[in-house]
Structures are given as structure tokens and as C-alpha cells.
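Notes follow the structure.
The values are calculated or read from the model by the stated rules, or taken from the named source; none is laboratory data. Being a predicted model, the structure only gives us computed values, none of them experimental. Here the Cβ positions follow ideal geometry from the backbone for every residue, glycine too, while neighbour counts run over all protein chains shown.
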Amino acid sequence: MLLPLCAATTMAMSGQENSGAHASGVESRVVGYEDLIDIVDLAASPDMDFDGLSVSPDENFVAFATSQSSLLTNTTEIHWWALRLDGRHQAIDLGSGGEPIPVMSRGQPVGVQQFERPQWLPDSQWILYRKRIKGSTQLWRTKWDGTSSEQVIHAPSDVERFVLSDDHRLILFSIGGPTGVAYTNSTVEANRGFLYDNRFSPLLKLEPVDPISPPQPRAILAYDLRTQMQRLATPEEEGEFNRRTTVTSPNPQTRWRRSSARRNASTWLESAEGVGIDPQLPMKIVAEADGATGRRIECTSVKCRGYFKGLWIDTSGTTVYFLRWLGSRDYGPMAIYSWRIGPSDPKEILRTDNFLQACSLVERSLLCSEETATWPAHITEISLEGGGVRVMYDPNPGFRSLQFGEVKSLAWKDAMGIEGYGHLVKPVGYHARTRYPLVIVQYRSRGFLRGGVGDEYPIQVLAAKGFAVLSFHRPDDWEVLARYRTEAEREQALWQDFRDRRRVLSVLQSGIDLLDRMGIVNRARIGITGLSDGANTAAFALIHRPGEFAAAAVAGTYWNPILYHLVGPLMWPKAHWFGLDDPNLPGADGRWREISVSMNAAYLETPLLIQVSDAELLPETETVSELQRFGKAFEMDVFPGEFHIKRQPVHRLSVYRRSVQWFEFWLKGIEEPDPVDPTEYQRWNSMRAHAIAAPH
């Protein structure tokens, strides 16, 4: 059981601002590339926000996974742990969790992993979890003390999801449909030649994304824990599985119902405004103090409306606890509240600038994954009585002695009143009244500031090498998200006159103006980076703000006319939502020109580094051909065996290093003694000489 928090063992939640080392009296050094590659990550994600860390039924342990990359083996390994909740905070090694389970999109891995939340058996002796070995994902169990681990289920294909039945007798689980029939059918068609139809998207795959026949329905099976026998689930068991694994209710405006353990009471979230489909729209808290009466009680306080990261109800069914962003959107400070169900006003328990997620309610405390701008995720215990905080498990204790650039949260508005948010990371050894070269990293800024979305641009390494960094949080168009019911309507609105791209660039430009007024930035030496949506913002900026940026590094430029043909019939409907028709049609090229780097190559003034995965190489061939034709300064490096997010540790290290060296070269005129490849500076000097010699 958890011990009470006391003043002697409680540390205040630190803010997002800091300078220098964390641990006094310990000699510090600046952050290096390997420090970031070697981080031990807690396997927590936004998908776990309302499920939280996995606490044993007897509340004596919490089980969780960590993920760590190895440059030596060029792999990432999952590891399982149990943490005692008896005050000793002893971490128990439960052994390897195998390979990362990939997130898939249309049959292709995205490049990121699924984070697994284990389930405890009722006796609190074993955890159940999925484990992937040599490409096969099966169900395993491990004892709480790590003394025994074994595969429980031998399914014919990957286990997708699993739950314990309500009576704890069965494991109900789903697997991908049997692959034999689909493979046979696709082989038959392959032998006679695939018909090029709406199953094809050459950018994703050079064969149909789906087999010729309709995909086999997934199978739901039952494993009896007593007899150790496996069979198809009955219709009733299928219904229970579907009910237990459905994250949201059938009504998209109602989410996350939580019930008390000892009383027929519950709480949930409902949409506070709008009819849109986005799950991050503002919500409000509703409760039912006695399920027998069905009496609905809505919390009418403004504190009960907004953007939530957690919702719980105590065992008595009388008090609701919730975690939400304090501001009007999903960034910035957060707070934990308690609301006694009824007309009372919620009470604020804790306010913090740190990032909390995946929290679990245990007695009168929350166990959370916590991050600060300069401290990777660790497990903390937060008292719901006094708001005291205690670190229970830190997988990266060495980070407390590293030296970081000072981090300052920023908020601003553009000329249209659109909110902007991000963090300024000052150079290590910052001197006031000095203007520094600036690098912009995108496109979410919260928690540990590592390398932006996709983790390609190491923020603190840049700060250690004398750059100011703006970690920019993309301003989502909440007005559009709240208004439209379908994805097609939403995308058409966002792409109308490139509304979304223009507003994001406007807010980013206002953030740069703010740093200029603060005397931080040298306007002649600004670099911009990005992957995915961040790369889209960067490309749009290079086209519509020529001369504003002195260097750029992106994972791809994406939006070139060739893309229309590469996405193929499968994706043409979505391209039409964007207003991007066949570029050969009369008048269609005008739309493409607004966002295409290749079509604007003649006017591009910014040296451009593209570090692209081989899966996304083809659209970049048009950019490279046009940049080459007009003699522009650019380089493209291609990483094999990668997808949207580069996952191989050795590739991530090379991307880190080359990105930093690119900005050092173009913004500071520095050449490192250890280039990523021995001829890079020869190439870059040739580009610079050509750019200087070229007429303007």
C-alpha cells in the first residue's frame, strides 16, 4: 500500500524554466547525441491517459514497460518492470518484453511502436501482456517477482487486443484474420497480373494494399485459464470483448465512463461545444451519483470544461478527480482537481507546468508518468489530499546531472488573434543583449523537449552548440474541428485557400517577431526544421517567406505534382478533398504551386537539407530534379528500411548529427572535425561558393 506523503519526502513540481545542472554539487556536462539516443522511455502514450499505469488488484505493485534503443545492435528493446508501492519504491526486473510492436497504417509500419499496458490476473501474482519475437506477437505472462515468464497463447497470427472476462475465468483476445486464404487469392491474381484499381497506392506499396477478396474478419477467441484450452469465443463472449475494448461510447460526443468500485455511481465526459469529430474538442464532466435512479448531475463550473488528460471516481462514488490543461487548448500548464458530486465547486489540488499523462488512482494518490522540459518521463506519486509530489521511479537518473539551456515557455497571438505557444531554449552559456542564430523545431511542444515530432532535430544539442531554439507548438484550427461532422468536410475546410497552412505560418512568424523584440534572435540567421506536418509548414514558409530563413532541414517536401500519381486510385479521393486534382488538368497547377517546392525551385533562396526514408523517397525526386536544374543549394540523404518515422538508432544518430552540422555550417560558418561523412563539407562549400557567385 502507498505510504503517506510527508514534507521530508515531497518535492515540488518544478516549472518549465531551468538553467544549468539539476543536481547541485555534481559536475555537469552538456547534452550529447548519445544521451538522447540512449534514453530509457516509459512506455506511456496519450492512448493510456484514461487507463493509466497498471496497478495490481491488491494495490501493492504497478507494472510498466520501458523502451530503450541500442546503437551497438541498432535495435530497440522493450523491458518489463514492477514497482513496489509499499514506500520502498523498489523496481523489480521482470525481463525482456521483446521487439517493439509496430503501429500499422494500410498494411505498412509507420515507424513508431504501440505501447502496451499489461493486465494483472486477479491474484496480483501475474501480469499479461503482448510480446513480439521474430515478427510474431503473442500473449505472455510474467510473475510479479520476475521468477517465471511464459507464453500463454499460441495463436495462428498476431494477437491484436485482449481482456480478462468479467468473471476472470477467460482471456478474450482478437487476432488478425487467417492469412492463408488471402495469400492464396492474391497469389492467383499476381500470377495473372493485378488489375490496377482503387486498391493501389504505389507510394505505399507496389501491389494491392488489400487482397483481391474482402479481408477475412478478425477472429475473437477465448482461452480458459483453468483448463488452458483455447477456442472460438461465443457470441456472448464476443459481445463482452467488444464492449470492454471499445474506448469510446457509440455516441462520439460521450467518452470515458468511469464507475466506482463500491457504489453504483459513475462519471464521464461529454462534448461541451460543437458537433465535430475530433476527439480533442472541449469536453465537460457529467456524473451519476446513483445508477439506480439514472439522475444526471453536470458539473457547471468552468473548471469542469476544457481539455482533459484523466478522469477518475473514488471507491465511495462521491468524489471525482480530473486532470486537465489550464488554458483554452491542449498545451501549457495543467491542474488536478477534485469535485464532490453535486452543486459544489471543484477544488484545485495541484497546478504544474510539467507534463502529466497515463495516471492511475490508488487510494488517495495518483501515479503518473511525468516529464519536464529537461527531464524525460519518470513515475511520480501525487497526493490528492495535499498535492505533494514524490518521484517513485526514474529510469534516467543521469539526466539530473546534465547541463541544459534555460527553457522558457512562451505565449503570443498573431495579428488575427490566433494563439501561439512554444518554448524558447536559450543557448548554454547565454549572454543577455546577444542575438543568436535560431533553429525552429516543430510541431508539438510539451513534456521533455527532445527532437520535435519524429525526433530528428536534437533541441538541447543545438542549445549546447550555441543556438537558440524555438520549440513550436502547432496551433490547431479548433473552429474547423468543432464545426464539421465528417473527415471530408473538415479537410475541405482546412484546405480552402490553404487556410490551415496560412494560419500556422502566421502564428509561427509572430513567434519569431516576439523573439526579435526580446532581443534573442539574429533575423539573418534563422533555420527551420520539420517532419510530416512540420515539414509541410517549413516548405510553405520557404515558398511564401522567401529570404526569411537562412537554412532548412526537413524529412521531406511531399507536396509535389508527382505525388498525385504516386498516391494512386486508393488515395485520389483524399487528394480531391484537398483540392489537389490531376496537375495536368487545366488550371490545376495553380493549387499545386502554392505548396510545391519543386514548382518554386527557381525562386528558392534557402539551402535545403532533406533526410528522407526510402519509403517516402519517390515524391522527393521531383524536388531534387528541379533544385538541381536551377543550381540551388541542397542535399538529400536516403535512409533504407525506414518509413514515416525513422526508427533505427544508427539512422537517428546520423540524422541528429547531420542536421546540427548543416545549421552550424550555414548559420554559424562552423565545420565540425567529425563530419557525418568525410566529403560533406566539400559539397557544402561548393554549394556556398556557387550561391555567392550566382547573380541575384
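Here are some notes:
- Residues in region 218-245 that are of a type in the set (Gly, Ala, Ser) and surrounded by 13 or more Cβ atoms within 10 Å (Cβ to Cβ): Ala219, Ala222, Ala233.
- Taking region 26-69 as the range and being more than 20 Å from Leu164 (Cβ to Cβ), out of contact with any helix residue (DSSP H, G or I) (no Cβ under 6 Å at 6 or more places or on another chain) and part of a strand (DSSP E or B) as the test, the residues that pass are Arg29, Val40, Asp41, Leu42, Thr66, Ser67, Gln68.
- Residue satisfying all of: in region 207-260; under 22 Å from Lys309 (Cβ atoms) and assigned to a loop (DSSP other than H, G, I, E, B); modelled with the lowest pLDDT among these: Ser249
- Scanning region 301-315 for residues that are of a type in the set (Gly, Ala, Ser) and under 17 Å from Glu288 (Cα atoms) yields a count of 1.
- Residue list for region 508-548, restricted to those being over 22 Å from Arg591 (Cα atoms) and β-branched (Val, Ile, Thr): Ile512, Ile520, Val521, Ile526, Ile528, Thr529
- Every residue from region 1-58 that is hydrophobic (A, V, I, L, M, F, W, C), out of contact with any strand residue (DSSP E or B) (no Cβ under 8 Å at 6 or more places or on another chain) and either more than 30 Å from Pro102 (Cβ to Cβ) or at pLDDT below 50 (or both): Met1, Leu3, Cys6, Ala7, Ala8, Ala23, Val26
- If only residues of region 275-304 that are of a type in the set (Gly, Ala, Ser) and surrounded by fewer than 18 Cβ atoms within 10 Å (Cβ to Cβ) are counted, the one that is modelled with the lowest pLDDT is Ala292.
- Qualifying residue in region 522-543 (condition: free of Cβ contacts under 8 Å to residues at least 24 places away in the same chain, closer than 25 Å to Ala602 by Cα and in contact with a strand residue (DSSP E or B) (Cβ under 7 Å, 6 or more places away or on another chain)): yes
- Test result for Ala553, under 30 Å from Tyr656 (Cβ atoms), in a strand (DSSP E or B) and touching a residue at least 24 places away in the same chain (Cβ under 8 Å): yes
- Arg450 part of a loop (DSSP other than H, G, I, E, B), farther than 23 Å from Ser510 by Cβ and of a type outside the set (Val, Ile, Thr): yes
- Residues in region 350-381 that are part of a loop (DSSP other than H, G, I, E, B) and crowded, with 24+ Cβ neighbours inside 10 Å: Ala373, Thr374.
- Number of positions in region 566-605 that are in contact with a Phe, Trp or Tyr (Cβ under 6 Å, 6 or more places away or on another chain) and of a type in the set (S, T, N, Q): 1
- Filter result (surrounded by 18 or more Cβ atoms within 10 Å (Cβ to Cβ), within 17 Å of Asp49 (Cβ to Cβ) and at pLDDT 90 or above) within region 308-331: Phe308, Lys309, Gly310, Leu311, Trp312, Ile313, Val320, Tyr321, Phe322, Leu323, Arg324, Tyr331
- Unmet requirement for Arg485, which otherwise passes all of (1) crowded, with 17+ Cβ neighbours inside 10 Å; (2) among the basic types (Lys, Arg); (3) farther than 25 Å from Ala588 by Cα: (1)
- Taken together, Phe663, Phe639, Phe643 contain a single residue that is in contact with a strand residue (DSSP E or B) (Cβ under 7 Å, 6 or more places away or on another chain), modelled with pLDDT under 95 and surrounded by 13 or more Cβ atoms within 10 Å (Cβ to Cβ), which is Phe643.
- Qualifying residues in region 332-349 (those that are surrounded by fewer than 21 Cβ atoms within 10 Å (Cβ to Cβ) and part of a strand (DSSP E or B)) - the one nearest to the chain's Cα centre (by Cα): Ala335
- For region 570-579, the count of residues that are within 17 Å of Ala539 (Cβ to Cβ), in contact (Cβ under 8 Å) with a residue 24 or more places away in the chain and surrounded by 19 or more Cβ atoms within 10 Å (Cβ to Cβ) is zero.
- Some residue of region 615-634 being under 16 Å from Thr557 (Cβ atoms), of a type in the set (Ser, Thr, Tyr) and in contact with a Leu (Cβ under 6 Å, 6 or more places away or on another chain): no
- Of all residues in region 104-120, those that are on the phi > 0 side of the Ramachandran plot and at pLDDT below 85 have Cβ atoms under 9 Å from Cβ atoms of residues that are surrounded by fewer than 18 Cβ atoms within 10 Å (Cβ to Cβ) and assigned to a strand (DSSP E or B), 6 or more apart or on another chain, in Arg106/Lys205; Gly107/Lys205; Gly111/Val103.
- Within region 110-145, tally of residues that are within 26 Å of the chain's Cα centre (by Cα) and of a type in the set (Asp, Glu): 1
- Exactly one residue out of Pro673, Pro678, Pro607 is closer than 20 Å to Ala524 by Cβ, of a type outside the set (A, V, I, L, M, F, W, C) and more than 26 Å from the chain's Cα centre (by Cα), and it is Pro607.
- Test result for Glu635, under 29 Å from the mean Cα position of the chain (by Cα), under 30 Å from Pro100 (Cα atoms) and not in a helix (DSSP H, G or I): no
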